[in-house]
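Have a look at the structure below, then the notes.
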Amino acid sequence: MKTTAESTAKDLLFVTCGGTIDKIYFDAKGEYAVGPPQVAGLLEEANVGFSYEIVPVIRKDSLEMTAEDREAVRAVIAGRGCRRVVVTHGTDTMIETALALCGLEGRTIVLTGSMQPARFRVSDAEFNLGTAVAAVQVLPPGVSVAMNGQIFDPEHARKNVVEKRFEEVKG
């Protein structure tokens, strides 16, 4: 149940950055563009039982994100009172952004995204978002990545492009 900004504090804050999870068909050539955040629709379909706020920060493919974009995401999170934050993000530079968010004291931050757009009939977006929502409610303060049914420490994880999933980096 989404609540308005004037009401009580939100249980969760969703910060959206674009990426594949938000991609839509752009033109007749079959090209894609980052569209509006899909998280609201996913949460409504899931009939969640918590209050939340969605704050779109940027709408970019993560390969186009800059240090300034990451700082804008950090500033939005730092400026909100919510202690549980899910960030939807493109998968290519998710780890880089996760590392840039480290050090925001007293907050549990979980980044997630998808390998296929949320609008596709077959997509990992809903599963990954659900994993992130569960994780952000039970993990201690810090920054994590939720992808492919697993929770990763961003300092020891990477995207495996060939396998189309995230994995732990040993060593």
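Bear in mind these aren't lab numbers, they're just calculated from the coordinates by the rules spelled out. Note that the coordinates shown come from a computational prediction; the quantities given were computed from them, not determined experimentally. Note: ideal-geometry Cβ built from the backbone for every residue, glycine included; neighbour counts use all protein chains shown.
Summing charges over neighbours of residue 157, with a neighbour being any other residue whose Cβ is under 12 Å away from its Cβ, gives -1 when K and R count +1 and D and E count -1. In terms of its C-alpha gyration tensor, segment 50-171 comes out rounded, because the ratio a/c of the largest to the smallest axis stays below 1.5. Electrostatic tally near residue 144: other residues with Cβ closer than 11 Å to its Cβ, Lys and Arg +1, Asp and Glu -1, net -2. Around the amide H of residue 18, modelled in the peptide plane, lie the amide H atoms of 60, all under 5 Å away and 5 or more residues distant in sequence or on another chain. Checking the cross-link pairs 10/170; 60/164; 10/159 against a 26 Å limit on the alpha carbon distance flags 10/170; 10/159 as lying beyond it. Residue 114 sits among other residues whose Cβ lies under 10 Å from its own Cβ, and their net charge, with Lys and Arg +1 and Asp and Glu -1, is -2.
Footprinting exposure proxy ranking of 84, 158, 121, fewest other C-beta atoms within 10 angstrom first, gives 121, 158, 84. Over the chain, DSSP H runs of length four or greater, each weighted -39,500 (n - 2.57), average out per residue to a 222 nm ellipticity of -7500 deg cm²/dmol.
The relative contact order of segment 12-166, computed from alpha carbon pairs under 8 Å that lie at least 6 residues apart in sequence, is 24 percent.
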